[in-house]
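Student: Attaching a single structure in structure tokens format; questions to follow.
The values are calculated or read from the model by the stated rules, or taken from the named source; none is laboratory data. Computed from a predicted model, the values in this text were never measured in an experiment. Please note: Cβ atoms are built from the backbone with ideal geometry, for glycine as well, and neighbour counts cover all protein chains shown. Only protein heavy atoms, including side chains, enter the accessible area calculation; ligands, DNA and RNA are left aside. Shrake-Rupley method; radii C 1.70, N 1.55, O 1.52, S 1.80 Å.
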Amino acid sequence: MDARHGSDNVSLRRLADLAGLMRNRERGKVQAALDGFCRRFPQLFFAVYTGSAQGGGNLRQFGFWLLNRAAFEDVPVDRPNEAGILLVIDPEAKSAALTWGYQLDAFLTEEDTFVCLSRAHAYFLEGHFADGTVRLVEQLGKILRKRAAQARRDPERFERKVAPPPRTGEIARRIREGHRQSPVKTTEVVP
């Protein structure tokens, strides 16, 4: 993917509306939803990127690359990209993709993210990207709260199958200062 999109890290904020799909007031609503998500899930973060998949190609692959390469300026270092969720909206391709870091593998499925994208789909079709994004974030929050309750009842089911990376704070620091790749999962819906 670096061959298509580049090998440099990208500096972004959690809400990067590069396509200009939202007005200032609407961006405030989305930012409030992202902040609320981070308060409810202090170990995670949610980011939104609007724009074309740079270098062309599949939006899912671009989301995968971006979550691995992005240095989110407004995300605390103790929340590494492996604990991130990224919504990518490409208005030119009329598609959206949801990508998550591997720390969420035990808690999210592609079906879950499809449900979230479906919740936003009608809003996106009408050009109401802020409202659709807020609905998507709310739906994802419901799913994660349900998974957290299930994990309390059956912790073995939600145990990581792979050992966690060492010193995740140091890894996040390196992402934001330089270079780090890690696997993520994606789901895409095309209107």
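Student: Yes or no: ASP78 closer than 22 Å to GLY141 by Cα and within 15 Å of the chain's Cα centre (by Cα)?
Tutor: Taking the combined requirement at face value, the residue does not satisfy it.
Student: Would you please list the contacts, defined by Cβ atoms under 6 Å and residues six or more apart or on different chains, that run from a residue in segment 1-23 that is within 25 Å of VAL77 (Cα to Cα) to a residue that is of a type outside the set (Asp, Glu) and at pLDDT below 60?
Tutor: HIS5/GLY55
Student: Related question: Looking at (1) open to solvent by less than 50 Å² (accessible area, probe 1.4 Å); (2) within 30 Å of ARG153 (Cα to Cα), find the lone condition where PHE107 falls short.
Tutor: The failed condition is (1).
Residues checked against (1) assigned to a helix (DSSP H, G or I); (2) at pLDDT 90 or above:
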{"residue": "LEU117", "(1), (2)": "yes, yes"}
{"residue": "ASP131", "(1), (2)": "yes, yes"}
{"residue": "ARG147", "(1), (2)": "yes, yes"}
{"residue": "ALA151", "(1), (2)": "yes, no"}
{"residue": "VAL162", "(1), (2)": "no, no"}
{"residue": "THR187", "(1), (2)": "no, no"}
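Student: If I go through segment 110-134 residue by residue, how many of them are surrounded by fewer than 20 Cβ atoms within 10 Å (Cβ to Cβ) and within 15 Å of VAL48 (Cβ to Cβ)?
Tutor: Of the residues in that region, 4 qualify.
Student: Report, by residue number, each residue of segment 34-55 that is under 14 Å from the mean Cα position of the chain (by Cα) and open to solvent by less than 30 Å² (accessible area, probe 1.4 Å).
Tutor: LEU34, PHE37, CYS38, PHE41, LEU44, PHE45, PHE46, ALA47, VAL48, TYR49, THR50
Student: Considering (1) surrounded by fewer than 17 Cβ atoms within 10 Å (Cβ to Cβ); (2) over 14 Å from the mean Cα position of the chain (by Cα), say which one GLU138 fails and leave the rest.
Tutor: (2)
Student: Scan segment 56-88 for residues that are crowded, with 24+ Cβ neighbours inside 10 Å, within 19 Å of VAL115 (Cα to Cα) and among the aliphatic types (A, V, I, L, M) and jot them down.
Tutor: Answer for segment 56-88, where residues must be crowded, with 24+ Cβ neighbours inside 10 Å, within 19 Å of VAL115 (Cα to Cα) and among the aliphatic types (A, V, I, L, M): ILE85, LEU86, LEU87, VAL88.
Student: Continuing with this model, one more query. Return only the number of the condition from (1) in contact (Cβ under 8 Å) with a residue 40 or more places away in the chain; (2) out of contact with any Phe, Trp or Tyr (no Cβ under 7 Å at 6 or more places or on another chain) that PRO76 does not satisfy.
Tutor: Every condition holds for PRO76 apart from (1).
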